[in-house]
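Quick notes on the structure that follows.
The values are calculated or read from the model by the stated rules, or taken from the named source; none is laboratory data. Because the structure is a prediction, the values reported are computed rather than measured. Cβ atoms come from the backbone with ideal geometry, glycine included; neighbour counts cover every protein chain shown. Just so you know, the surface numbers come from the protein's heavy atoms only, side chains and all, with ligands and any DNA or RNA stripped out. Shrake-Rupley method; radii C 1.70, N 1.55, O 1.52, S 1.80 Å.
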Amino acid sequence: MNDSSWGAPPQAGYWEPTDRGPARGAAPAGPAYDAQHAQQTRPMPIVPDVPEHGGDQDDDRGAARLSGPLFRDGTPRPQPYGTPRPQPYGPPRTDLYDAPQPRPHDTPQAPPFGAVPQNPEPMPDAPQPAPPQKKSAGRDLGAAIGVGVGLGAVIVASLFIVKAVFVGVIAVAVVVGLWELTRRLQERKGIKAPLVPLAVGGAAMVVAGYVRGPEAAWVAMALTALAVLVWRMTEPPEDYLKDVTAGVFAAFYVPFLATFVALMLTADDGPFRVLTFLLLTVVSDTGAYAVGWRFGRKKLAPRISPGKTREGLLGAVAFAMAVGALCLEFLIDGGAWWQGLLLGLAVAVSATLGDLGESMIKRDLGIKDMGSLLPGHGGIMDRLDSLLPTAPVVWLLLVVFVGTS
């Protein structure tokens, strides 16, 4: 190469070194760019001519600058760390930008005004309100109604055909109730109340009350308690006091209270007195259930029976008073409607207390039902809970209002 080649344009995009020194645009001599490696220099990248802003090209493409292409709003696009800087002359330099460029995920930048995100994150679905749950009675209502109607038919048939048959129905209910109670006491508390003297004495108590009156019933009660004490002596003395106490309680709670139903039956209009007693108790329970299920808000005794409400108690009172007025006016000889109102009020209170009393027993035992003999109802004791404490109340008020005969 002669001197005339100095300043001549390079061929094929190369800058060749000369003997006068390093070629213009070449990197300075050094470890990476000495003379013997000058021929290995890479070709200069072709940089297209870019019109100034506002030229013929579309603004969407933007103007090419040294820092890289622009966004639509003119903001420089950040370059990845380590990207070579483009050079107008000579081979591309391998040095990096003066300062590391921030990565898109390092420094979040707000999008320009009016810009629409390309891939917006899906918004979480707003929580949907839970659908309202229907109130449930907690039992098989169809089975409960069927069993109730069947029991009612048996009771009414025996009550008005032969009184002695109805007394037998009471005795059978007492024995089954005692069996359920003593069995649950043994299973849940380990209390062994003797069933044999309780069953025999309970049935004798009911029959004695029907045949000989209240005095005979008291005597039968005392003899039953004595039989429980003696019967338990045949076993080891451990837990003797606990077992006999439970036995005496069972004798009073089930057969003795049931004896007052037999005492009602001894009057001339005995079947109607018993029917009034049964109707008022059933209507009270039904009114408490219907009103409490529909309008119940305030709990009556949440620690004993969470399902009972004050509104249900008012429903029981209203239903029982209405039916009581009708029964005393049309079923009981010598009765008056206002007496029926008082009787219905007393029945509603005693039936509710009786239900709460057995609920207390079942909570202490940790059970829901005393038995499973009656589908939809539980056991016999689950149906006698409100009847047993109501029987002496109705018997006493009817004696006060219209006498014993």
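A few remarks follow.
- Quotient of C-alpha Rg and 2.2 N^0.38 Å, computed over segment 260-316: 1.47
- Charge dipole (segment 268-404, unit charges on Cβ, about Cα centre) - positive-most of 318, 286, 307: 307
- Local net charge near residue 265, Cβ-Cβ under 9 Å (Lys/Arg +1, Asp/Glu -1): +2
- As computed over segment 268-404, the Cα convex hull volume per residue (Å³): 102
- Most tightly packed first, judged by the mean number of other beta-carbon atoms within 10 Å of their residues, the peptides 336-342, 200-206, 300-306 read 200-206, 336-342, 300-306.
- Pairwise Lys count, segment 268-404 - Cα closer than 18 Å, eight or more residues apart or different chains: 4
- Counting charges near residue 394 (Lys, Arg +1; Asp, Glu -1) among other residues having Cβ under 15 Å from its Cβ returns a value of -1.
- Portion, in percent, of the accessible area of segment 268-404 that falls on carbon or sulfur, probe 1.4 Å: 69
- Residue-normalised accessible area of segment 268-404, given per residue in Å² at a 1.4 Å probe: 46
- The Cα center of segment 337-389 and the Cα center of segment 191-269 differ in position by 20 Å.
- When the surface is traced with a 1.4 Å probe over the full set of protein chains, residue 275 keeps roughly 40 Å² accessible.
- Mean projection area, nm², convex hull over Cα of segment 158-266: 6.3
- Surface accessible to a 1.4 Å probe, per residue, for the residues of segment 158-266, Å²: 48
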